[in-house]
1. With the condition kept exactly as written, say whether any residue in the stretch 50-65 is outside any loop (DSSP other than H, G, I, E, B), within 15 Å of Tyr165 (Cα to Cα), assigned by TED's automatic domain parsing to the domain that holds Val173 and modelled with pLDDT under 80.
2. From the set of residues in the stretch 283-306 that are closer than 17 Å to Phe115 by Cβ and β-branched (Val, Ile, Thr), which is surrounded by the fewest Cβ atoms within 10 Å (Cβ to Cβ)?
3. Restricting attention to the stretch 69-87, does a residue exist that is in a helix (DSSP H, G or I), at pLDDT below 85 and over 23 Å from the mean Cα position of the chain (by Cα)?
4. May I ask you to list the residues in the stretch 93-122 that are within 17 Å of the chain's Cα centre (by Cα) and under 14 Å from Val34 (Cα atoms)?
5. Could you tell me which numbered condition Thr194 fails, if it satisfies all but one of (1) assigned to a helix (DSSP H, G or I); (2) without any contact (Cβ under 8 Å) to a residue 40 or more places away in the chain; (3) among the β-branched types (Val, Ile, Thr)?
6. Quick check on my filter: what residues within the stretch 89-105 are in contact with a helix residue (DSSP H, G or I) (Cβ under 6 Å, 6 or more places away or on another chain) and not small (Gly, Ala, Ser)?
7. State whether the residues of the stretch 255-263 include one that is loosely packed, with under 14 Cβ neighbours inside 10 Å and more than 23 Å from Ser121 (Cα to Cα).
Amino acid sequence: MRMYTGRTTLSKFLIEQLQDVDDGGQLAGLLVDVAAAVKTIAALTGRGALGGHHGEAGSANVHGETQTRLDLLADEIMVEHCDWNGLVAGMVSEERDEPIWVQSEEQKGGYLLIFDPLDGSSNVAMNVSVGTIFSILRCPEDSRQDASDFLQVGSGQVAAGYAIYGPATMLVVTVGKGTHGFTLDREVGNFVLTHPDISIPEETSEFAINTSNERFWEPPVQRYVSECKAGSTGVRKRDFNMRWIASMVADVHRILMRGGVFMYPRDTKDPAKPGRLRLLYEANPIAFVIEQAGGAASTGRVRLMDVPPELLHQRIPVILGSRNEIERIERYHREYDSGDDKPYVNPLFKERSLFRAEA
């Protein structure tokens, strides 16, 4: 493990981490531009209602979700910081139907930027932590400047991370050499390395999931959560804590700092949607961060970063966090799919329950 001393800024850190990347400093430069956008978004969200940007924008994104004014402003900020510098060939955002392409050959770079400009924006009015998620891919040499350029498996990411706008603004980044956290020093405007080589504990007694959807989950997820809720009186023989903030960045950040499992699994609430979160600009970048911190990220059945994308805005089930727990949840899915989980019966459907089983 590399030992960092003193005040290591993001720029200095990237120079050291990326000295073996032969791209003329493009990747480091792009990450610095993303960090600059994050600073601007942090200032915007930090003013709260005083900024006059709260409320709905009167529009919806490609997913049919109501956009807030801050969603659109954060999206514009990210694009404006990154589209002119000769580092990207194209960008795609949760808030836009189609990619943005750099048309000028002189301004075109070697990378593609994918981002969710303001994850959890519906929580802003409640003053709950929100964030920005980003992923960086190499632009294919045979680029056709269409959506197919972005449809790369997550294992092809060269960098990813997220910002969390909380009591302090933090930027968590990986370039494939561990996961590292930087805190914004507002007095001087620099991101300073405060959490080098973050490591997620393999064992945990904490999970994050929206239990209001329990009746829609698949049996393997119901099994896992019911065992956690049974605590020391159940098969796990220890008590678990449940947390749910409803902001992916905030939930994941807590797990990254102290261990745990984050689950937004497949469910039957809307059968047309195979999952709730987006593969390219939520699942893949967070999975890269988690894996580089020693955790695991899965759909429940396969590694998240091995899933071939088919659509820009593709949805997917997401289960990630402490490695041993993810492996257990994957085992429960295998046992369910093979019919080997017969001993498990959903408590909702036991004989004495409200839903009495038929003989």
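1. No, the stretch 50-65 contains no residue that is outside any loop (DSSP other than H, G, I, E, B), within 15 Å of Tyr165 (Cα to Cα), assigned by TED's automatic domain parsing to the domain that holds Val173 and modelled with pLDDT under 80.
2. Going through the stretch 283-306, the residues closer than 17 Å to Phe115 by Cβ turn out to be 283-289.
When the remaining residues are screened for being β-branched (Val, Ile, Thr), the result is 286, 289.
Details: Ile286: 31, Val289: 29.
Ranking the candidates gives Val289 first.
3. no
4. The answer is Ser93, Leu113, Ile114, Phe115, Asp116, Pro117, Leu118.
5. (1)
6. Here is the first cut: in the stretch 89-105, the ones in contact with a helix residue (DSSP H, G or I) (Cβ under 6 Å, 6 or more places away or on another chain) are 92-95.
Val92, Glu94, Glu95 - these are the residues of the stretch 89-105 that are in contact with a helix residue (DSSP H, G or I) (Cβ under 6 Å, 6 or more places away or on another chain) and not small (Gly, Ala, Ser).
7. Yes: one or more hits.
Conditions tested, residue by residue: (1) touching a Ser or Thr at 6+ places or on another chain (Cβ under 9 Å); (2) buried (at least 17 other Cβ atoms within 10 Å of the Cβ).
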| position | (1), (2) |
| --- | --- |
| Thr183 | yes, no |
| Glu203 | yes, no |
| Ser212 | no, no |
| Tyr224 | no, yes |
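The values are calculated or read from the model by the stated rules, or taken from the named source; none is laboratory data. On a predicted model such as this, the values are computed, not experimentally measured, just so you know. Virtual Cβ from ideal backbone geometry, glycine too; neighbours counted across all protein chains shown.
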